[in-house]
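In what follows, a single structure is set out as structure tokens and then discussed.
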């Protein structure tokens, strides 16, 4: 009878690994570097080696392991095929099949944001909701759409890309996706920084941001202190993200929005400004939704990855 499961969160810099009981208790977690040379040919063998080493260390046989779950940036099909990943250099890579052959274990996985959403649904803030949107605000903006307890993948595994909803038709600069005026250009950590730097250059308004290195944390810290320039930036952030979530709600009608990622460390002030604009733009039938912060932090990915197998 299986007692254990591995969860693997593959990032562009590090690979986070978790060793769990099948009940969801995290027994151990660790990280290894993501070796990206030669189209990341070493990534899956490195993961398999780590699994073998951990089982040897714990004196556990593979028949006691339910399997290995993984999360990877970019679209991933139900069969565990990574359609495209620019950072890793993968295209149509059969990750589930290859990792299964390397480990001799059942392997399943999906997109990293959807995987983190599964983690929050299994052991975090989304556990009490059957219908929710888990969004992550980091370098980009992505979401896991949870409907009746299941994460929606879409035809090619690309659902939940709310960061690329167009919100500013007058924008002239391109988003990383090649489009123009995407939510991600304003509501991500990089978007917050860009808006703050541009406003600092454009006006003479006194601000504590003129005295420090500007990043998303600095902007929200200044906002909490009532800094006038930071208030302008955060209100713009709230406007764009609130509008995007209002549009999402009109399609999904979730019970709750669970907000994670690095920007979510701003806490309740972030929730309040987003809720304000959400209520301004949303269709009245979807106005009363719950907004909560994610609970698992950077561990959401390994929890969600493990839950794929279970």
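Each reported figure results from applying straightforward, stated rules to the coordinates on display, with no laboratory input. Values in this document were obtained by computation on a predicted structure and should not be read as measured data. Here the Cβ is made from the backbone with ideal geometry for all residues, glycine too, and neighbour counts use every protein chain on show.
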Based only on other Cβ atoms within 10 Å, what is the fewest-to-most ordering of 20, 129, 291?
291, 129, 20
What does a probe at residue 42 reach in region 7-24, counting residues whose amide N is under 16 Å from the point 7 Å along Cα→Cβ?
11-16
Can you give me the C-alpha center-to-center distance between region 150-222 and region 52-66, rounded to a whole angstrom?
44 Å
Region 18-49-region 226-297 distance, computed between alpha-carbon centres (Å)
33 Å
Report the full-extension gain for the segment residue 172 to residue 130: residue separation times 0.36 nm, less the Cα-Cα distance, to one decimal in nm.
11.2 nm
Amide N of region 40-67 lying under 13 Å from the label point, which is placed 7 angstrom from the Cα of residue 98 along Cα→Cβ
40-48
Just need log10 I(q)/I(0) for the chain at q = 0.08, 0.14 Å⁻¹, Debye formula, equal scatterers on the alpha-carbon atoms, no solvent, rounded to two decimals.
-0.37, -1.04
Nearest 10 degrees, 0 to 90: helix 189-202 Cα axis against the chain principal axis:
20 degrees
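Based on the Cβ-Cβ distance of residue 281 and residue 13, what FRET efficiency does E = 1/(1 + (r/R0)^6) give at R0 = 35 Å, to the nearest 0.05?
About 0.45, to the nearest 0.05.
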Is any residue of region 98-113 close enough, with backbone N under 16 Å, to a label point placed 7 angstrom from the Cα of residue 295 along the Cα-Cβ axis, and if so, which?
none
Computed over the Cα atoms, what is the radius of gyration of region 128-294 divided by 2.2 N^0.38 Å, N being its residue count?
1.02
Which shape class, rounded, prolate or oblate, goes with region 199-310 when its Cα gyration tensor gives a ≥ b ≥ c as root eigenvalues, a/c under 1.5 marks rounded, and past that a/b bigger than b/c marks prolate?
oblate
Helix 300-309 sits at what angle to the longest principal axis of the chain, using alpha carbons and giving 0 to 90 degrees rounded to 10?
40 degrees
Give me 302, 252, 165 ranked fewest to most by other Cβ atoms within 10 Å of their Cβ, as a rough exposure proxy.
165, 252, 302
